[in-house]
């Protein structure tokens, strides 16, 4: 039985469909990306390929042909994203047991509930986007359209792993908590995570 999900949400431009390390895309829709980087590099594995050997120069050169600049969040923007996530959690009762918001991607461990993970992800992304715009620090605000809308700051797809036992769950939580240290940053503490962890611990104690 699925207990939780480890989800990675990527910023726009973080991981291209034709990344030379591989991707979970089957089609490269943008002509310029296809022209300079080739077709989508579909892989079947659910393991991370971030450390796979690849042509780094080619990957960076392909990114220069994106329609918009790759999104990289600063500290204020990361805090706004967390506020948006907190609002979604408050609205829905999601139990987020770990969260790390990095410069160009987000790690989350989310307990399974009655909503599909795709809907949860859309809800979290939507509230984060709204919060950034409300605070006037949306990263692609300079590309606002005539109707007031803006290009999405998120990659179209997301990566997920199903967690079906408590050992895996604990390892996923530890991995996410330590993730900022890989970039020389401190571990992150968000209120919506601490509260969910406290509730989860209380549930486990009641179960014996």
Those residues that are under 23 Å from residue 167 (Cβ atoms) and outside any strand (DSSP E or B), I need them from the range 76-119; list them, please. 94, 95, 112, 113, 117
Could you please let me know if residue 106 is within 21 Å of residue 185 (Cα to Cα) and at pLDDT 95 or above? yes
Go through (1) surrounded by fewer than 19 Cβ atoms within 10 Å (Cβ to Cβ); (2) under 19 Å from residue 159 (Cβ atoms); (3) at pLDDT 95 or above and name the single condition residue 134 misses. (2)
Pick from 98, 172, 155: which is surrounded by 17 or more Cβ atoms within 10 Å (Cβ to Cβ) and in contact with a helix residue (DSSP H, G or I) (Cβ under 8 Å, 6 or more places away or on another chain)? 98
Quick one: residue 132 ticks every box in (1) in contact with a helix residue (DSSP H, G or I) (Cβ under 9 Å, 6 or more places away or on another chain); (2) over 23 Å from residue 94 (Cα atoms) bar one, so which box is it? (2)
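The values are calculated or read from the model by the stated rules, or taken from the named source; none is laboratory data. On a predicted model such as this, the values are computed, not experimentally measured, just so you know. Note that each Cβ is placed from the backbone with ideal geometry, even for glycine, and that neighbours are counted across all protein chains shown.
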